Amino acid sequence: MNIVEDFRAAWIFEAAHHDLDLLPTVLARAITQVLPVDAAGISFFGKEQRVPLGASAAEAVAAERWQFTLGEGPCFTAYDTDQLVIADEATLRRRWPALHDLLREHSPFRSIVVLPLGHGARLSGALDLYSTRPHPDAGLDLQSAQTVAALAHHALTYLWSASDLDPGSALDLGSAVEVEPGQVASSTARASRFVDPVHPRAWLNSATVRARQEVWIAVGICNVVLHLDTSDAFALLRAHAYTQDKTLEEAAADVVSGRTPVQSLTGTDDS
């Protein structure tokens, strides 16, 4: 079989054996079955934010969160430049030293290959391929990886465009977007048509996306209470998260719940 047929078969298998997973997660799992990588993560970019849609493993979800916490990394670079990024361990240490240290401390991953998804399209983002080896390209055929990335992006955008959900507003998680739980079940028959029926609204109702929405609530609190613009609020939250050795989502949850008084972020807490 060629890479297209291999990926289709892996998709069918994953959909049949993990029938409660949402489509992006099914695709991420399938990607790890056909490419020599240890984990995969799919994310799309909206206004000033990166939205995690699915990952093949919990470790990949955590690695994605560290990139978002820092606001930099190979995923952001691949999206901004619309170029493939190959970040071996030496490159991570040199270009993104904070991310390198966090990955070493909190994950098994030592290198990342990132492929942009649909740059300039209404729905665009990146595919992160994680490796526990210091050199990710060992045995990885980049043409096959690009083919798989294109197929995954096509599947997601096909479903999205077929829905009544406007991608532009859905990815603007800074606004009050109400998402409804969608159907999450997949069947072998449905997957065999290479189109999963999962409604995209369900993707935005996942735990990772809900956690990301809480970041925007925390940003809003900083806007109002500390009179900061969005960029400065992000920078303040990221700095606090980094010093506390937390992800941005964890730091935001502390602010929203009141466990961390928002004034304490600037050292002006009078309590």
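For the stretch 7-123, which whole-number percentage of the solvent-accessible area (1.4 Å probe, protein heavy atoms only) is attributable to carbon and sulfur atoms?
On the stretch 7-123, the fraction of accessible area on carbon and sulfur atoms equals 46 percent.
For residue 110, list long-range residues whose amide hydrogen, built 1.01 Å from N in the peptide plane, is under 5 Å from its own amide hydrogen.
Here the answer is 131, 132, 133, since their amide H atoms fall under 5 Å of that of residue 110.
Does the stretch 43-89 classify as rounded, prolate or oblate by the C-alpha gyration tensor (a ≥ b ≥ c root eigenvalues; a/c under 1.5 gives rounded; else a/b over b/c gives prolate, otherwise oblate)?
Oblate.
Accessible area per residue of the stretch 20-119 at 1.4 Å probe, in Å²?
Per residue, the stretch 20-119 has 35 Å² of solvent-accessible surface.
Return the long-range amide H neighbours of residue 117 (sequence gap of 5 or more, or a different chain), with a cut-off of under 5 Å between placed amide H atoms.
125, 126, 127
Collect residues whose amide H, placed 1.01 Å from N in the peptide plane, falls under 5 Å from the amide H of residue 40; neighbours closer than 5 in sequence don't count.
Close amide H contacts, sequence-distant or interchain: 56, 57, 130.
Using a probe of 1.4 angstrom, how much of the accessible area of the stretch 213-260 is carbon and sulfur, in percent?
On the stretch 213-260, the fraction of accessible area on carbon and sulfur atoms equals 53 percent.
Mind running the shape call on the stretch 75-118? Use the C-alpha gyration tensor, a ≥ b ≥ c as the square roots of the eigenvalues: rounded below 1.5 for a/c, prolate if a/b tops b/c, oblate otherwise.
Prolate.
In Å, what Rg and Dmax follow from the Cα atoms of the stretch 213-261?
9.4, 26
Can you report the principal axis dimensions of the stretch 1-128 using only the alpha carbons, biggest first, rounded to whole angstrom?
40, 33, 28
The values are calculated or read from the model by the stated rules, or taken from the named source; none is laboratory data. Here the structure is a predicted model, which is why all the values come from computation and not from measurement. SASA here: full protein model, heavy atoms, side chains in, ligands and nucleic acids out. Shrake-Rupley method; radii C 1.70, N 1.55, O 1.52, S 1.80 Å.
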